[in-house]
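To start, the structure itself, in structure tokens.
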Amino acid sequence: MKHPVDIDNWNRRENYLFFRDFANPYYSVTSQVDVTEESTTVRE
């Protein structure tokens with residue numbers, strides 16, 4: 001259900017205002033994880 005958000009009283013207002021003008025207002029975190037030992041254990 002859609003409903004209007006009162007930005008002036010919204011508890012996430014500061015976050016919204018900070019990100020709203022970014023060209024890409026998303027973020028991502030990636031890393032490499034060595035799972036060699038775990039995959040060997042699973043195969044046994």
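The values are calculated or read from the model by the stated rules, or taken from the named source; none is laboratory data. Keep in mind that this is a model prediction, so the values were computed, not measured. Positions of Cβ are generated from backbone atoms using ideal geometry, with glycine treated the same way; all protein chains shown enter the neighbour counts.
For segment 1-31, name all the residues that are charged (D, E, K, R) and at pLDDT 90 or above. Full working, then the answer.
Initial filter on segment 1-31 (charged (D, E, K, R)): 2, 6, 8, 12-14, 20-21.
Matches in segment 1-31: K2, D6, D8, R12, R13, E14.
Scanning segment 1-22 for residues that are over 16 Å from the mean Cα position of the chain (by Cα) and surrounded by fewer than 10 Cβ atoms within 10 Å (Cβ to Cβ) returns M1, K2, H3, P4, D6, D8, N9, N11, E14, D21.
Out of segment 10-44, which residues are hydroxyl-bearing (S, T, Y) and part of a loop (DSSP other than H, G, I, E, B)? Lay out the reasoning, then the answer.
Kept after step one, since they are hydroxyl-bearing (S, T, Y), are these residues of segment 10-44: 16, 26-28, 30-31, 36, 39-41.
Correct list: Y26, Y27, S28, T30, S31.
The residues in segment 18-40 that are under 30 Å from I7 (Cα atoms) and of a type in the set (A, V, I, L, M) can be counted, and the count is 2.
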